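Student: Pasting a structure here, questions to come.
The values are calculated or read from the model by the stated rules, or taken from the named source; none is laboratory data. Note that the structure is a prediction, hence the values are computed from the model and not measured. Reconstructed Cβ throughout: ideal geometry from the backbone, glycine too, with neighbour counts over all protein chains shown. In case anyone asks, the SASA skips ligands and DNA or RNA and just uses the protein heavy atoms, side chains included. Shrake-Rupley method; radii C 1.70, N 1.55, O 1.52, S 1.80 Å.
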Protein chains: 2
Amino acid sequence: MRPLIHPDISSITLHGVLHALSDPMRLAIVRRLRDCPDQACNATMPCPDMPKSTLSNHFRILREAGIICSRREGTQHANTLRRDDLEARFPGLLDAILQAAAADPERRSPAS
Amino acid sequence: MRPLIHPDISSITLHGVLHALSDPMRLAIVRRLRDCPDQACNATMPCPDMPKSTLSNHFRILREAGIICSRREGTQHANTLRRDDLEARFPGLLDAILQAAAADPERRSPAS
């Protein structure tokens, strides 16, 4: 079983955060985690038809960018937003992106 | 000569903006344009050794994401940041990203 990689706060890069959140599905996942924290992997899936491997890859990118924390619970992962860590690293950035997502019709549908 | 594509405000997407700014060199260009507006292409180049074609591609991505406006001046392009347009589309987003860039050591060097 591969280890779950979580960068410490000082290793979170702006490049990594922006890249991770530039994907509509990953942004939808983050919005869902903000609204319903500590959900299992499937429960946060904005698109139920997405292959599990694709979804897992999205969660891996979010995790390795320092945006979410995942822990194994049986056969699933419970995921939480690293909101405090991101706020400490880049104050105001996550909120600004989530507010922009709410203003972007392209982003509104999958997460709402 | 290929036309320069500039999306109107309503066509600027969050995905496009985040993707464009997730590249350190493009972010450095934007920071330079913020500090020294209306510069020609070469004058905004944070890395003088970069091939012209690579630099042009960075400017194209920024332009087509709605982040900069380019106009031809002889054999060069003069580029300006579409700060007001971005602020109207996604209030606070560009400032939050630029502030984060200033806090990110990885980003500090090329633009300073």
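Student: Working carefully through the options B:23, B:49, find the one that is of a type in the set (Asp, Glu) and either at pLDDT 90 or above or in contact with a strand residue (DSSP E or B) (Cβ under 9 Å, 6 or more places away or on another chain) (or both).
Tutor: Result of the check over B:23, B:49: B:23.
One line per residue, one yes/no per condition, for (1) β-branched (Val, Ile, Thr); (2) surrounded by 21 or more Cβ atoms within 10 Å (Cβ to Cβ); (3) at pLDDT 95 or above:
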{"position": "B:17", "(1), (2), (3)": "yes, yes, yes"}
{"position": "B:41", "(1), (2), (3)": "no, no, no"}
{"position": "B:69", "(1), (2), (3)": "no, no, no"}
{"position": "B:73", "(1), (2), (3)": "no, no, no"}
{"position": "B:79", "(1), (2), (3)": "no, yes, no"}
{"position": "B:84", "(1), (2), (3)": "no, no, yes"}
{"position": "B:97", "(1), (2), (3)": "yes, yes, yes"}
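Student: Restricting to the stretch A:59-106, and then to whatever is among the small types (Gly, Ala, Ser) and assigned to a loop (DSSP other than H, G, I, E, B), can you tell me which residue is nearest to the other protein chains (Cβ to nearest Cβ)?
Tutor: It comes out as A:92.
Student: Being open to solvent by less than 20 Å² (accessible area, probe 1.4 Å), modelled with pLDDT under 95 and more than 28 Å from residue B:104 (Cβ to Cβ) is the requirement here; does residue A:33 meet it?
Tutor: no
Student: Name the residues in the stretch B:5-31 that are closer than 15 Å to residue B:88 by Cβ and facing chain A (nearest Cβ under 7 Å), would you?
Tutor: Passing the criteria: B:13, B:14.
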